Amino acid sequence: MKKFLFFLLITVAAKAQLSSKAEVVLVTVAPGKELHSAFGHTILWINDPTTGIDRAYSYGTFDFNTENFYLKFLMGTLPYTISVHSMQDEFNYNLQYEKRGMIAQKLELDSLQKNAILQDLETNLLPENREYAYKFFYDNCSTRIRDMIEKNAPGKYLWHANPTLEGKSYRDWMNKYLAPNSWVTLGMNLALGTPSNVKATAAQSCYLPDNLAAATNLSKGLSSNPVSLFDAEAVDIKGFDFTGPYVILSLLTLLVGFLSFKNAFPFAADLALFTVIGLLAWFIFFLGTATNHEVMAYNPASLMLFPLNFPLVIWFARNPVKWKFYIHMVTVFSVIGIIWCGVQFWPMIFVGLPIFIRLCRLSFIKK
């Protein structure tokens, strides 16, 4: 019965025609504190006071109660959907719970364009259409709305006139929203492969809601001046994090270097170091080869950390002389990987330095 009513409501809305007073509004929600909201959010709001239509559409929503949620999220198979609420509900949620600012831009569209957008959105809401495969860089809450506007109002976006949205890679844009000395930032960059280093065009950079808002504001007669629905609370800027990766990994590197120089690095320490690094390398290799996350493919971090370090450490740490060829080979791979990773995102070097130093020391052990 509930499914029937849901389908009926969508069908009625899809056939509805907007009046001359209807507005289509691009709403940009500021970044939040949690990782899943760190990059902001985009809403397309259709408001028609004459017909009573008040529908705020969001792409990129998901259900934490999905069966095998974490496994599907890891594999890139978690179903994402389009959802719709009233704008008042969206406003209250962001004001009271998320404390995230909201900016509205009324789109200057004609009646045909407004109705076409409404029909497309309602078609996407149909049960057979509402789920889709989310792609962080290529198909998210912002890109879907960008494409919706471009499809129904072609030529409005002047991408060539947006030089501030060009010149950065997908990775660079992402890192603008992440704390530099953060384990999350380091982990996300370690997981990303070479596709994330592609220079994004002005249109492609609009995978970020703020960029889409900027492009809309600079478009050709598409948007009126942005209006703040409310401002987010000022965020306290945190000082340097002494428990972040820069400090912890630097100390680990110094410790490994000191003990190696003193020939005081025990077998158990080698076993622990190479096991942790090897398992991390296997995980990165798995993300790039066995999941649907294509942006994690061709990852030089696998070369820097090298998966075979585990389980082979069990043997070569006992007698590195017998494993000289392997150690020399992995040292070369480590050098290439460190340089490559450093070009992509230099803090990743911190992860590779401890094992690189240890490999160099093992390479010089003689009978």
Do we find that ILE117 is of a type outside the set (Lys, Arg), part of a strand (DSSP E or B), buried (at least 18 other Cβ atoms within 10 Å of the Cβ) and touching a helix residue (DSSP H, G or I) at 6+ places or on another chain (Cβ under 9 Å) in this structure? no
Pick from ASN292, ASN263: which is under 35 Å from the mean Cα position of the chain (by Cα), part of a loop (DSSP other than H, G, I, E, B) and polar (S, T, N, Q)? ASN292
Within segment 225-275, take every residue that is charged (D, E, K, R) and open to solvent by 100 Å² or more (accessible area, probe 1.4 Å) and give me the one that is farthest from LYS99 (Cα to Cα). LYS262
Among the numbered conditions (1) more than 23 Å from the chain's Cα centre (by Cα); (2) in a helix (DSSP H, G or I); (3) surrounded by fewer than 16 Cβ atoms within 10 Å (Cβ to Cβ), tell me where TYR97 comes up short. (1)
Residue list for segment 125-154, restricted to those being surrounded by 14 or more Cβ atoms within 10 Å (Cβ to Cβ) and assigned to a helix (DSSP H, G or I): LEU125, CYS141, SER142, THR143, ARG144, ILE145, ARG146, ASP147, MET148, ILE149, GLU150, ASN152
Segment 49-61, residues that are open to solvent by 40 Å² or more (accessible area, probe 1.4 Å) and either assigned to a strand (DSSP E or B) or under 23 Å from ALA213 (Cβ atoms) (or both): ASP54, ARG55
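Would you confirm whether any residue within segment 344-360 is open to solvent by 70 Å² or more (accessible area, probe 1.4 Å), more than 29 Å from the chain's Cα centre (by Cα) and either farther than 30 Å from LEU74 by Cβ or not β-branched (Val, Ile, Thr) (or both)?
Our first condition is that a residue be open to solvent by 70 Å² or more (accessible area, probe 1.4 Å); within segment 344-360, this holds for 346.
Filter once more, so that each one left must be more than 29 Å from the chain's Cα centre (by Cα): none.
Within segment 344-360, none of the residues are open to solvent by 70 Å² or more (accessible area, probe 1.4 Å), more than 29 Å from the chain's Cα centre (by Cα) and either farther than 30 Å from LEU74 by Cβ or not β-branched (Val, Ile, Thr) (or both).
Restricting attention to segment 31-48, and to residues there that are at pLDDT below 95 and not in a helix (DSSP H, G or I), which single residue is surrounded by the fewest Cβ atoms within 10 Å (Cβ to Cβ)? Full working, then the answer.
Going residue by residue through segment 31-48, those that are at pLDDT below 95 are 31-38.
Retained after the next criterion (residues that are not in a helix (DSSP H, G or I)): 31-34, 38.
Details: PRO31: 19, GLY32: 18, LYS33: 10, GLU34: 8, ALA38: 14.
Checking each candidate, the answer is GLU34.
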Does segment 62-94 hold any residues that are assigned to a helix (DSSP H, G or I) and touching a Ser or Thr at 6+ places or on another chain (Cβ under 6 Å), and which are they? MET75
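Examine segment 104-114 for a residue that is charged (D, E, K, R), outside any strand (DSSP E or B), under 26 Å from the mean Cα position of the chain (by Cα) and surrounded by fewer than 16 Cβ atoms within 10 Å (Cβ to Cβ), and state whether such a residue exists. Quick ask: steps written out before the conclusion?
Within segment 104-114, the subset charged (D, E, K, R) is 106, 108, 110, 114.
With outside any strand (DSSP E or B) added as a condition, the list becomes 108, 110, 114.
Filter once more, keeping what is under 26 Å from the mean Cα position of the chain (by Cα): none.
Checked against the condition, which is being charged (D, E, K, R), outside any strand (DSSP E or B), under 26 Å from the mean Cα position of the chain (by Cα) and surrounded by fewer than 16 Cβ atoms within 10 Å (Cβ to Cβ), segment 104-114 yields no hits at all.
The values are calculated or read from the model by the stated rules, or taken from the named source; none is laboratory data. Remember, predicted model here, so these are calculated numbers, not experimental data. Cβ sites come from the backbone with ideal geometry, for glycine too, and all protein chains shown count toward neighbours. Side chains included, ligands, DNA and RNA excluded: accessible areas come from the protein's heavy atoms. Shrake-Rupley method; radii C 1.70, N 1.55, O 1.52, S 1.80 Å.
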